[in-house]
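Every read-out reported here was derived from the displayed coordinates using simple, explicitly stated rules and does not represent laboratory data. No experiment lies behind these values; they were computed from the predicted model shown. All Cβ positions, even for glycine, are placed from backbone atoms using ideal geometry, and neighbour counts span all protein chains on display.
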Amino acid sequence: MKNIYFAFLSAILFLTSCSNASQPNDPIPEHETFKIQSQQIGEERTINIWTPEDYKTTSDSLPVMYMADGGIKEDFPHIANTLAELIKEKKIKPLILVGIENTQRRRDLTGYTEVEKNKEIAPIVGGSEKFRAFIKDELFPEINKKYRTTSEKSIIGESASGLFVMETFFLTPEMFDNYIAFDPSLWWNNHYLVRTAKENLTKFPTTGKRIWFAGSNAEDVSPYTKELASIFKT
């Protein structure tokens, strides 16, 4: 059986097709939902969890993939259905998908910015540090308590969510084992993450981490993804 990383690459390809076409009307997969009151963010959040078909009939512990944009009306059904098909075809090993439904998306998924134009996109921006603390300190323990999980964790995101994935990779790489970012908004704060990539990589942990990122042909994305790719090759 191919390893789980095939799922990540397949998910990227799936998101690519979605971004270049009309949004598909995916059926809502069977899933569980719970609410968690976050002290870090100061609000209640809705969490959607998809588990493989045979999760309830086995005793296996599974890796977990986390995603922002994880609402039922967001990307959660797309990714869950894609993973279900890959698992059914025995192309990947089973995993649990945890979707975090948005409340103030641009607040949670963006970091600090000095660029005034960036601040015009939403009433509040720059809340990624608190959102990351919510995931690490509040959501991780809750998922581990409610589900049979291994220590392996992954995160996937697109656009602003992809920016959050990349920021987490550079600033707190120990949080996840695998990072996937499609069309990350690397232009944020005058492409700060790209400008500081080499410095952040010098402080990187010795434990193995994997990252996949891809950009479209959009003019405001491609130069930064290409520059970042060149940094990873050096």
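Overview of values
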item	result
T51, T57 arranged by Cβ crowding within 10 Å, fewest neighbours leading	T57, T51
Amide H contacts under 5 Å for Y66, placed H, 5+ residues apart	V98, S154, I155, I156
Residue exposure sequence - R105, R45 - by fewest surrounding Cβ within 10 Å	R105, R45
Approximate spin-label separation W212-D60, in nm, with each point projected 7 Å along Cα-to-Cβ	1.9 nm
Order of W50, W212 under a 10 Å beta carbon neighbour criterion, fewest first	W212, W50
